[in-house]
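Below: one structure, written as structure tokens.
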Amino acid sequence: MPDFSLTPEQENLRDLARKFARTEMAPHAAECDRTSRFPEEIYRRAYELGLMNLNVPTEYGGSGLGLFDQSLIVEELAYACGGMTTSTIANCLALEPILLDGTPEQKERLLTPFCAEYHLASFALTEPSGGSDPGAMRTLAQKDGDDYLVTGEKCFISNAPNASLYTVFATIDPKLRHKGVTAFAVPRTAEGLSVGPDEEKMGHRASSTATVRFDRVRVPAADRLGPEGNGFSLAMRTLDQTRTPIGALATGIAQAALDHAARYSLKRETFGKPIAEHQAIQIKLATMAQAVQASRLLTWHSAWTIDRGQRGTFESSMAKCFASDTAFAVADQAIQIFGGYGYMREYPVEKLLRDAKLTQIYEGANEIQRTVIARELLRKYA
Ligand SMILES: Cc1cc2nc3c(=O)[nH]c(=O)nc-3n(C[C@H](O)[C@H](O)[C@H](O)COP(=O)(O)OP(=O)(O)OC[C@H]3O[C@@H](n4cnc5c(N)ncnc54)[C@H](O)[C@@H]3O)c2cc1C
């Protein structure tokens, strides 16, 4: 019989993340948002607490958690700050291709340093010419003896200004489209690799985002992840793993918006009574609460499906898409319930809307998620 209760270990994990999020992240969230500060001391602390390399197996020094446990943690972190959560979990995204297709030697060599001390890694797939269609990528990996020379540009890369390693997707021949895409692990110190300035963003302003340029960067074949032409499949399998935590991240933002709105509605009075007593507000709160719970359950179900060894493309796309649309809609309604104050920076809910927006775009925009969901769905009827 399905069981929604958490084990004592899961409760401990969730409590650890909740305590860290509410006592160490939340007090700095507004300031980091306002000034676009990358709070490295908070990310170091997340690393120390074992809240960073969540998906890396314990044999390499990571936390070795399944997606269900990761989702519990990520929701708690995002409740305090979406941007800090993006930067905290970016290592999971960047290191997943190594976990999936790295050789035992590559895993030992590339993963262990990330767990031995605080380091950040970035996942570099998106290019200025488009993120939704990786088969059209232009970053070129030309064979040169036993090495590759990588030339091109990746944009919107989370943690890029602060990363020491990049998992990079390039094509050995653009004419091959998907079949040419090949993945590499490239250190920050590689000659010809440069990182652009931190982007000025609408939300997730405690996270850093930049362009990474490759000018004939020499990458040894020993740092290729999987065979040539395997990169598209690797990127898709990576995102199958990491979409579920984005569902959890969105759920955390949505839960925070609901909590702020419900508390405010009990205090704010109009027409001689708290606005919570007006039915229009009650209907809003009820609809918000339903959507938040549905997001959490879709996320948990996706995590459970993948933790049981299934690929979970359908489930994780549904969780990410639904939870992110919910986060945006619930934050929007929270602003409405706050009225004019909701529009002011001084109050917490306008940040939640700005942070929620990104969850509808990154790790595959929701239009693409719906395409994936429909494709997987129709397969069952064909
Ligand atoms: C803050 C931030 C952080 C990010 N971090 C990373 C990162 O760490 N690593 C990384 O590789 N990328 C990252 N991204 C990139 C992100 O994944 C892409 O922005 C996203 O995949 C969309 O790609 P695009 O922006 O090029 O939009 P496009 O691909 O140009 O799409 C534009 C619009 O058209 C829609 N669209 C495209 N094709 C179709 C279609 N076939 N059917 C219907 N609609 C379609 C899209 O859904 C979107 O709404 C980040 C982005 C942001 C904003």
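Looking only at segment 183-196, which residues are out of contact with any helix residue (DSSP H, G or I) (no Cβ under 7 Å at 6 or more places or on another chain) and either more than 14 Å from the ligand (Cβ to nearest atom) or of a type in the set (F, W, Y) (or both)?
Within segment 183-196, P187, R188, T189, A190, E191, G192, L193, S194 qualify.
Collect the residues in segment 178-196 that are more than 20 Å from L110 (Cα to Cα) and either within 22 Å of the chain's Cα centre (by Cα) or not charged (D, E, K, R) (or both), keeping them in residue-number order.
Across segment 178-196, the qualifying residues are H178, G180, V181, G192, S194, V195, G196.
Quick one: in segment 111-136, of everything that is farther than 23 Å from Q360 by Cα and surrounded by fewer than 22 Cβ atoms within 10 Å (Cβ to Cβ), which residue is nearest to the ligand (Cβ to nearest atom)?
The residue in question is H119.
Select from segment 153-172 the residues that are in contact with a Leu (Cβ under 6 Å, 6 or more places away or on another chain) and more than 15 Å from L225 (Cβ to Cβ) and list them in ascending order.
Result: N159, N162, A163.
Identify, by number, the condition in (1) part of a strand (DSSP E or B); (2) surrounded by fewer than 24 Cβ atoms within 10 Å (Cβ to Cβ) that A183 doesn't meet.
(2)
May I ask you to list the residues in segment 16-43 that are assigned to a helix (DSSP H, G or I), surrounded by 13 or more Cβ atoms within 10 Å (Cβ to Cβ) and not hydrophobic (A, V, I, L, M, F, W, C)?
R18, R22, E24, H28, D33, E40, Y43
Just to verify a result, which residue in segment 353-382, among those that are more than 11 Å from the ligand (Cβ to nearest atom) and of a type in the set (G, A, S), is farthest from A248 (Cα to Cα)?
Once the filter is applied, the top-ranked residue is A382.
Being surrounded by 23 or more Cβ atoms within 10 Å (Cβ to Cβ) and within 24 Å of E350 (Cβ to Cβ) narrows it down to one residue among A80, A94; which is it?
Residue meeting the stated conditions: A80.
Return the residues of segment 137-169 that are within 10 Å of the ligand (Cβ to nearest atom) and not aromatic (F, W, Y); say none if nothing qualifies.
Correct list: K154, C155, I157, S158, N159, A160, A163, T167, V168.
Within segment 195-223, restricting attention to residues that are free of Cβ contacts under 8 Å to residues at least 40 places away in the same chain and in a loop (DSSP other than H, G, I, E, B), which residue is surrounded by the fewest Cβ atoms within 10 Å (Cβ to Cβ)?
It comes out as P197.
What's the number of the condition T85 fails, among (1) crowded, with 24+ Cβ neighbours inside 10 Å; (2) more than 16 Å from S208 (Cα to Cα)?
T85 satisfies every listed condition except (2).
Which of the numbered conditions does N55 fail, given that it passes all the others? Conditions: (1) within 16 Å of the ligand (Cβ to nearest atom); (2) polar (S, T, N, Q); (3) not in a loop (DSSP other than H, G, I, E, B).
(3)
Since every read-out is calculated from the coordinates, none of them should be taken as a lab result. None of the values given here were measured: they were computed from a predicted structure. Here Cβ is always computed from backbone atoms with ideal geometry, including for glycine, and neighbour counts include all displayed protein chains.
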